[in-house]
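See structure below.
The values are calculated or read from the model by the stated rules, or taken from the named source; none is laboratory data. Just so it is clear, the model here is predicted, and its values are computed rather than measured. Reconstructed Cβ throughout: ideal geometry from the backbone, glycine too, with neighbour counts over all protein chains shown.
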Amino acid sequence: MTMTKPEEVRRVACVGAGVIGGGWVAHFLARGYDVTAWDPAPDAEQRLRRLVDAAWPALTRIGLADGASRERLTVAATLEEAVADAEFVQESAPEKLELKRDLLTRIDAAAPAGAVIASSTSGYPMTDMQTGAATPGRLVVGHPFNPPYLIPLVEVVGGERTDADAVAWASRFYEVAGKSVITMKSEVPGFIANRLQEALWREALHMVANGEATVAEIDASITEGPGLRWAFMGPMLTFALAGGEGGMAHMLDHFGPSLKSPWTRLEAPELDRELYDAVVGGCEEAAAGRTIADLVAERDRGVIDVLRATGRLPGQATAPATGRGTE
Ligand SMILES: NC(=O)C1=CN([C@@H]2O[C@H](COP(=O)(O)OP(=O)(O)OC[C@H]3O[C@@H](n4cnc5c(N)ncnc54)[C@H](O)[C@@H]3O)[C@@H](O)[C@H]2O)C=CC1
Ligand SMILES: C[N+](C)(C)CC(=O)CC(=O)[O-]
């Protein structure tokens, strides 16, 4: 399959233009691409243009690419017309397996031979979606986060019949298009971030169902607690700092035994030597030469920046996210 170099792509098609498809359209326009969109809903074009208009001020504030313009959006009358000369296609139709299978089969039949086709699915493995396609080798998952025009992460993974070249191409293309990419080695259910979010959400729903915590308490427990750290330092390095000077190794030695109970309740992984070493080693790698003191200073600066950014520093105006006024 001959593909346009990721750096030379100019024309992108977005199929499905709701919350995520519309967000992708806004992102690609802001990055200077020509975008053709298609969505079967009768009011799709008005909704899409409203979404792009609403996103544009934020996109302008963070900086538009040279030549970026809302004028470069075309809304096509048919799916076939939308993808006819696309160099890359992003599918963002409803999360229904049969619908995605049929749609990806149609996109594959209509798109130019060299175009990679990505699905925004938030959970289906590509292996299950590519079954009807004549050229399944170019079908990948490109899972974004809402809104795709502001949240950098895209998780990229192929199915059993996807060519490795298509996965590598998609990862590079998203990077060129300004995204932060994790290229996954295998089709982990829920990918990486949603698997984590799902674990959190599952427990949140249990707590609400059992009357153990309110929705507001659950949200506050994250926005006033760990969420402040997670905006700039992931759960692994954050917990490494819970071990003080001893880092992750001390954290596991200290808290591992007492965490056995919640881990068991959640169907615990066995904390064997291999897992222990992988977690400690992974934290050392992620620290990339920074000492614990460096990381503590970085975390503290980050927390203060997030507090400032969300209007929660003393003397700042009301923060809509928390509803708390100026002291
Ligand atoms: N909403 C979210 O937070 C996220 C959603 N996703 C994924 O993005 C995809 C789209 O989800 P949303 O944008 O949230 O849904 P949505 O309901 O906002 O938009 C879906 C759009 O698809 C259109 N559509 C219906 N049938 C179609 C068809 N046969 N072909 C093309 N378009 C069709 C609808 O008219 C609608 O505009 C799903 O796969 C979802 O799992 C991924 C990341 C986050
Ligand atoms: C709710 N969701 C599973 C569709 C969320 C995602 O897939 C990613 C996100 O934006 O959090």
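Regarding region 21-43, can at least one residue be identified that is over 19 Å from Tyr174 (Cα atoms), away from ligand 1 (no atom under 11 Å from the Cβ) and surrounded by fewer than 21 Cβ atoms within 10 Å (Cβ to Cβ)? No: region 21-43 contains no residue that is over 19 Å from Tyr174 (Cα atoms), away from ligand 1 (no atom under 11 Å from the Cβ) and surrounded by fewer than 21 Cβ atoms within 10 Å (Cβ to Cβ).
If you go through region 1-16 and keep only what is among the basic types (Lys, Arg) and either more than 19 Å from Glu81 (Cβ to Cβ) or outside the structural domain of Phe28 (by TED's automatic domain parsing) (or both), you end up with just Lys5.
Yes or no, residue by residue, for (1) farther than 15 Å from Gly16 by Cβ; (2) aliphatic (A, V, I, L, M):
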| position | (1), (2) |
| --- | --- |
| Gln46 | yes, no |
| Leu51 | no, yes |
| Val75 | no, yes |
| Ala93 | no, yes |
| Lys100 | no, no |
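Which residues, counting only those in region 100-123, are buried (at least 19 other Cβ atoms within 10 Å of the Cβ) and within 12 Å of ligand 1 (Cβ to nearest atom)? Residues satisfying the conditions are Lys100, Leu103, Leu104, Ile107, Ala118, Ser119, Ser120, Thr121, Ser122.
Here is a check on your reading of the model: is Ala204 within 18 Å of Gly227 (Cβ to Cβ) and either under 14 Å from the mean Cα position of the chain (by Cα) or surrounded by 13 or more Cβ atoms within 10 Å (Cβ to Cβ) (or both)? So Ala204 passes the test. Scanning region 191-201 for residues that are in contact (Cβ under 8 Å) with a residue 12 or more places away in the chain and within 11 Å of ligand 1 (Cβ to nearest atom) returns Phe191, Ala193, Asn194.
Note on region 79-129: residues that are at pLDDT 95 or above and over 21 Å from Pro189 (Cα atoms) total 24.
Only one entry of Phe255, Phe232 meets the criterion of being aromatic (Phe, Trp, Tyr), closer than 30 Å to Arg308 by Cα and at pLDDT 85 or above, and that entry is Phe232. In this structure, Val156 qualifies as outside the structural domain of Leu266 (by TED's automatic domain parsing), aliphatic (A, V, I, L, M) and in contact with a Ser or Thr (Cβ under 8 Å, 6 or more places away or on another chain).
Taking region 126-173 as the range and being β-branched (Val, Ile, Thr), touching a residue at least 40 places away in the same chain (Cβ under 8 Å) and crowded, with 24+ Cβ neighbours inside 10 Å as the test, only Val141 passes. Filtered by the rule that a residue be closer than 15 Å to Ala231 by Cα and hydroxyl-bearing (Ser, Thr, Tyr), region 276-311 gives a lone residue, Thr310. Within region 1-18, if we keep just the residues that are at pLDDT below 95 and of a type outside the set (S, T, N, Q), the residue that is nearest to ligand 2 (Cβ to nearest atom) turns out to be Met3.
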